[in-house]
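The values are calculated or read from the model by the stated rules, or taken from the named source; none is laboratory data. None of the values given here were measured: they were computed from a predicted structure. FYI the Cβ positions are ideal-geometry reconstructions off the backbone, even for glycines, and counts take in every protein chain you see.
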Amino acid sequence: MRLRILAAALAALPLAAFAAPTDTEVVEFYNTTTNHYFITATAADAKFIEDGNAGAGWVRTGRSFSAWLDESKAAGGSATVYRFYSAAANSHFYTARKDEVELLTRLEAEERRAAQATGARILGWQLEGKAFRIELPANGSCPSGTSPIQRVYNNGFLNAEGANHRYVDDAALAALMASREWIAEGIAFCAQAKPTGTNASLAATATNFDPVEGDWTGMGRWKTEAGNNERRIPGTLQLSVAADGAVTGTGRGCVFTGEVTEGDGFRSLYSGTLEAAGCDDAAFNGSYDRFQLERFSQSTLAVHLKRGEGMQEASVEAVMSLRTPPVTPPAGPTTPALGRIVGEWSGAIAWTALTRTGGVVTPLVSANQPLSLVIADSGALTGTGYGCAFAGMLASTSNPGVFGGPVTATGCTEGVFNGTYLEVKVKRDDGKLEVEMERESESGGITTQAKIEGDLVSASATPKPPGTPGTPGVPGVGISGTFAGSNFSATIEVRTHPPGSGIVRTTTSEAGAASFTIGTGRVVTGSGFGCTFDGVLDGTGEPAQSLKGSITASGCTNAAHNGTYATKALPRNAGDLEFQLERQFDSGSGSQTTVKIKGIASKV
């Protein structure tokens, strides 16, 4: 009788209580140029983006949720999530709902038939395959032991940003997206709850604002609504946030004062109060009842300001960068060689393993999994991740700035990662720690390779700037003033796919003069080709002293030159700077346009 009662009780428990451990993290990226979000469950996708192969502007938000890649390991009752891509929107869409999958695949089939008859390019949603497996809500609620992942939509079909969805694991973040005028579409998935990090039940803070401390600057989208009259104006925004939460700032004539009053447990979302006075447009003067910050990484901050509602409102949205790349100072005395890598580091990075037999390669693991490392001033390395415990000793290599040494992993969830890694590279790049650990073993003619690689961010609270202005070796320090040149080129390349032929490229180019002024906070203004330039640059560190960021061109003689460009300023001989501006966009009828403005300018 007791056995029957126990069996009945077990059967009544939510399925999630018996769910197998997840085998990957679905990590989130944000594009500072397109304002789009992207998620991926595979290590290959994440590494592809971080290597710059998906284009400029992508940064990790630091957020992720758990899922399964291996269907055989997934919880019973979990569902397959399918991934679609639209060339017209330049965006991906994820769904496990049968009705949505059937609708999109039917529309794709119809467009494909029409394209075959006319030779037109397919621009609508196309099925790319299975993305991952995850549990789903029932009757609008998630099973016990899981956290809801809500889907929000940017209404991009109407606002010309291209349709894009974000999958958020936090109710406060969902509310922030709604305030940014994204549309809530309900719970999409149910992810297994995690003890730490995103979607964990951690205490909010009213005192610890170190993660957003610093001088931030970026190009903002300033919008006012008065009755039926809506105005959108680009312009720079600069904010300084102190460790105690005090905020000051400027932009479009405004002087901002206020404070950050609350931060979430993940130290990602912050809110507070802000006042504006003296604005060029009086509609922006007054109290902002919504002042919200979202920290994507140590050096990227999304800011949302809004006052009023509906027919009478003013808002500012900006993606901002630290004026100086963040560095966490060592906790104690360090040797000069190790000083920049000493500290605590964490992140969800790529874990891959495969076997080779002759010319046949068999993948074993390709997942995003967390890794946490602690590097002492002696070079001792310890860490955890994917069930592994790491221990080793780092030392300088013949490659300046790169550290290596044997690191041993034990107790890993996937046994293929156990063992000693002799090929280890650890390098500091601005606020990130690049980590690569690789090992190979051979048995019976079968070679097994395990690799752990990706970028970790500081796990300590405070992203601090490295040294004072003028410190040698700090990217971009000392680059200021006006730079002008007469040898600039503006090139427009249009790529089309005519029926029955390959890609056809049509290029036009013109030469002219251009000038750029880099001022306080690396705010950039300039002119050339009839354009007025306005933007913000920040340090890249590769190569040393270079700058990158975004610049918007408006009022150009050739309207095709108008728009926002991913920008680099590279040092050249005799103190000259080479400016490289590039933007891409879908120009309709299956064609894509790339605009480049490039040239070398001397300091005036």
Note to self: Exactly one of these conditions fails for G387: (1) of a type in the set (G, A, S); (2) crowded, with 22+ Cβ neighbours inside 10 Å; (3) in contact with a Cys (Cβ under 8 Å, 6 or more places away or on another chain). Give me its number.
What the structure shows: (2)
Check: Are there any pairs, at least 6 apart or on different chains, whose C-beta atoms fall under 8 Å, with the first in region 346-368 and in the same structural domain as T413 (by TED's automatic domain parsing) and the second in a strand (DSSP E or B) and among the basic types (K, R), and if so, which?
Finding: G347/R60; A350/K451; W351/K451; T352/K451; A353/K451; T362/R356
Item checked: Residue check for E230: under 25 Å from S554 (Cβ atoms), more than 24 Å from the chain's Cα centre (by Cα), in a strand (DSSP E or B) and of a type in the set (D, E, K, R) -> yes
Notebook entry, point to check: Which residues, taken from region 157-196, are among the β-branched types (V, I, T) and either farther than 21 Å from K223 by Cβ or within 18 Å of the chain's Cα centre (by Cα) (or both)?
Noted result: V168, I187, T196
Next item on the list: Just one of (1) modelled with pLDDT of 90 or more; (2) over 20 Å from S268 (Cα atoms) trips up A318, so point out which.
Entry: (2)
Note to self: Regarding region 41-56, can at least one residue be identified that is part of a strand (DSSP E or B), in contact with a strand residue (DSSP E or B) (Cβ under 8 Å, 6 or more places away or on another chain), within 30 Å of L456 (Cα to Cα) and not hydroxyl-bearing (S, T, Y)?
What the structure shows: no
Item checked: Qualifying position, being at positive phi and at pLDDT 90 or above, among G197, G253, G227 -> G253
Notebook entry, point to check: In this structure, does A193 turn out to be surrounded by fewer than 18 Cβ atoms within 10 Å (Cβ to Cβ) and either among the charged types (D, E, K, R) or within 26 Å of D170 (Cβ to Cβ) (or both)?
Noted result: yes
Note to self: For region 386-404, check the following and say yes or no: at least one residue is touching a Leu at 6+ places or on another chain (Cβ under 6 Å), outside the structural domain of V27 (by TED's automatic domain parsing) and either over 24 Å from S458 (Cβ atoms) or free of Cβ contacts under 8 Å to residues at least 60 places away in the same chain (or both).
What the structure shows: yes
Next item on the list: Could you list all residues from region 240-260 that are under 25 Å from the mean Cα position of the chain (by Cα) and surrounded by fewer than 20 Cβ atoms within 10 Å (Cβ to Cβ)?
Entry: S240, A242, A243
Note to self: When the residues of region 111-135 are narrowed to those that are assigned to a helix (DSSP H, G or I) and touching a residue at least 12 places away in the same chain (Cβ under 8 Å), which ends up surrounded by the fewest Cβ atoms within 10 Å (Cβ to Cβ)?
What the structure shows: T118
Check: Mind checking which residues of region 252-307 are of a type in the set (G, A, S), more than 26 Å from A348 (Cα to Cα) and part of a loop (DSSP other than H, G, I, E, B)?
Finding: G253, G278
Margin query: Would you confirm whether or not region 94-106 contains a residue that is modelled with pLDDT of 90 or more, under 27 Å from the mean Cα position of the chain (by Cα), crowded, with 19+ Cβ neighbours inside 10 Å and not hydrophobic (A, V, I, L, M, F, W, C)?
Written below: yes
